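Everything below concerns the one structure shown next.
The values are calculated or read from the model by the stated rules, or taken from the named source; none is laboratory data. Fair warning: this is a prediction, and the values are worked out from it, not measured in the lab. Positions of Cβ are backbone-derived with ideal geometry, glycine not excepted, and every protein chain shown enters the neighbour counts. Ligands, DNA and RNA are excluded from the accessible area calculation, which covers all protein heavy atoms including side chains. Shrake-Rupley method; radii C 1.70, N 1.55, O 1.52, S 1.80 Å.
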Amino acid sequence: EIVQRDGFKRCIESLHKAWEQQRIKLGSESHLREKYGNRLFHNVAALQPSYVKLLIETNHARVQGRDPAVVLPTAVTLRMLMFLDIPAACLLSCVSKRWHQICYNPNLIRVKWNLRRHKEVINSKTVKCLIPRLHGVRQLNLFRCKLTAEAIRLIMRNCKSLRELDLSYTVCDKPHIIDLTGDTKRETSPMEVAPGEFKTPAPTEKSSLYPPELEALNLRKSEVVEEDLKEEGVVEILRGCPNLRVLNLGMLQCVKEKTIDAIVETMAENLEELHLNSCPNIRNDELVKLAEPCKALRRLYLDMCSKINDFGITALARECKLEILSLCANRVSDNSLNAIAQHCKNLKQLELSFCYLVTTDGVKDIAKGCRNITHLNLCLVDMIQDDAIETLASCCDLVELNLRGCTHITDKSLEALATHCPNLRVLHLLGCEKVSASTVAVLQQRIKNVKIIIW
């Protein structure tokens with residue numbers, strides 16, 4: 001009621017007018033800053049109107065705060081920039097000359113550069129511009145970026161601290177010229193070399209061309225490797241990186257006998273993980289070459305290698321103490337599984353999906369010989385029976401089991417899993433027509449954390 005009275009409104013208006021007169025009388029901004037910007041009058045300044053507080057804070061920032069690049073030490077600013085994204089750092093370099101100097105400081109070293117999110121703008125020219133910034137990088141991801149053979153050579157030559165390099169799915173950065181006849185021709189840019197012209201470095205220069213600490217190299221389905229480098233270029237890169245521990249050559253048709261010879265000659269003692277999945281030119285002879293010298297090999301991926309069979313797998317199993325082995329969609333039978341069970345006692349993960357020649361006896365051999373196995377994929381291995389799953393459950397502490405499309409599996413297998421596998425977390429049962437819903441519900445109750453996929 002008091003607020004609604006006319007006298008109260010007139011009082012508020014008169015106070016506001018008095019305040020406006022006082023503000024005009026005070027005059028300069030420096031007087032307000034001296035009066036309300038002092039720490040002793042901090043509480044008084046907080047009670048002032050919003051535009052007065054804004055005026056005080058602005059003047060206070062002009063005198064004391066200034067630009068963080070000026071106030072903060074250079075080491076602190078460089079540390080802050082390491083947490084920024086690369087595009088944000090590039091924008092920050094355009095703010096002022098001081099920020100430009102800081103952003104291009106040679107002491108600013110980004111350990112990890114992930115450029116896969118900017119693949120639309122990354123090409124051979126931008127890589128050439130980024131080379132001075134990559135001298136201290138340890139992990140570089142160029143997934144699906146547009147590159148050339150010369151750009152890869154620049155990276156190898158200048159990134160001395162590089163330890164992990166991802167060039168998977170990279171695309172050739174070559175312009176196309178369409179003449180009047182309709183034929184498409186390629187024009188070689190100044191950075192590029194013609195296909196097949198990857199020059200072999202001299203023996204004295206080999207150590208200077210490649211990063212000496214490179215441990216992981218991913219060339220999976222790289223168009224640059226297929227069309228520009230080809231097998232000769234891949235061989236030269238592998239011979240210049242003897243300390244590689246992880247090598248991914250998946251889905252490359254140019255991987256042949258010479259590539260395997262380079263692996264055996266240079267990095268056989270250090271190689272721990274090798275991806276050769278979907279390499280159509282890999283044969284049993286290449287696997288036999290890898291078997292004896294690659295004693296440190298622990299993880300091997302040979303999915304969809306149509307030219308290998310039991311002979312090559314048996315040779316590898318006898319020599320390499322494998323922990324992870326992937327043989328999806330290969331002509332693998334129980335003979336290979338028997339050799340794996342005898343020699344690979346530390347096997348933890350085995351992929352056998354679409355291996356139609358595998359039977360119940362082969363799975364039993366794996367269960368009895370590889371008792372440390374936790375992940376097993378038997379998708380569409382239709383020849384296995386309940387005996388195989390019961391032996392697996394009693395011998396191995398399974399964490400993930402894929403039985404998708406195994407039409408001969410019944411409730412007996414699920415009862416054995418519920419009894420002997422308390423750590424089971426993932427179970428695929430899609431297409432198991434002889435499994436009842438009640439048994440699935442009982443398994444879900446007995447193993448509470450299990451995820452059963454039936455759709």
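To keep it simple, each residue is scored yes or no on (1) outside any loop (DSSP other than H, G, I, E, B); (2) open to solvent by less than 20 Å² (accessible area, probe 1.4 Å); (3) closer than 23 Å to residue 364 by Cβ; (4) without any contact (Cβ under 8 Å) to a residue 24 or more places away in the chain.
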| site | (1), (2), (3), (4) |
| --- | --- |
| 270 | no, no, no, no |
| 297 | no, yes, no, no |
| 318 | yes, no, yes, no |
| 342 | yes, no, yes, no |
| 345 | no, no, yes, no |
Confirm whether residue 391 is open to solvent by 40 Å² or more (accessible area, probe 1.4 Å), part of a helix (DSSP H, G or I) and either of a type in the set (S, T, N, Q) or out of contact with any Gly (no Cβ under 7 Å at 6 or more places or on another chain) (or both).
no
Considering the range 148-163 alone, what residues qualify as being open to solvent by less than 40 Å² (accessible area, probe 1.4 Å), of a type outside the set (Asp, Glu) and part of a helix (DSSP H, G or I)?
149, 151, 152, 154, 155, 156
Scan the range 171-193 and give yes if some residue there is at pLDDT 80 or above, touching a strand residue (DSSP E or B) at 6+ places or on another chain (Cβ under 6 Å) and crowded, with 17+ Cβ neighbours inside 10 Å, otherwise no.
yes
Mind checking whether some residue in the range 401-410 is among the hydrophobic types (A, V, I, L, M, F, W, C), surrounded by fewer than 17 Cβ atoms within 10 Å (Cβ to Cβ) and under 25 Å from residue 334 (Cα atoms)?
no
Kindly evaluate residue 325 against the criterion of being assigned to a helix (DSSP H, G or I) and buried (at least 24 other Cβ atoms within 10 Å of the Cβ).
no
Within the range 132-146, residues within 15 Å of residue 90 (Cβ to Cβ) and open to solvent by 10 Å² or more (accessible area, probe 1.4 Å) come out as 132, 133
Would you confirm, using the coordinates I've provided, whether residue 329 is within 25 Å of residue 281 (Cβ to Cβ) and modelled with pLDDT under 95?
yes
Does residue 289 satisfy the condition of being charged (D, E, K, R) and farther than 22 Å from residue 223 by Cβ?
yes
Hits in the range 118-130 - residues which are at pLDDT 85 or above and open to solvent by less than 90 Å² (accessible area, probe 1.4 Å)
122, 123, 124, 126, 127
Give me a count of the residues in the range 412-439 that are open to solvent by less than 40 Å² (accessible area, probe 1.4 Å), in a helix (DSSP H, G or I) and not hydroxyl-bearing (Ser, Thr, Tyr).
4
If you go through 379, 355, the only one that is open to solvent by less than 60 Å² (accessible area, probe 1.4 Å), in contact (Cβ under 8 Å) with a residue 40 or more places away in the chain and either outside any helix (DSSP H, G or I) or of a type in the set (Ser, Thr, Tyr) (or both) is 379
Which members of the range 440-455 meet the condition of being open to solvent by 60 Å² or more (accessible area, probe 1.4 Å) and assigned to a strand (DSSP E or B)?
451
Among (1) open to solvent by less than 50 Å² (accessible area, probe 1.4 Å); (2) assigned to a loop (DSSP other than H, G, I, E, B), which single condition is residue 306 missing?
(1)
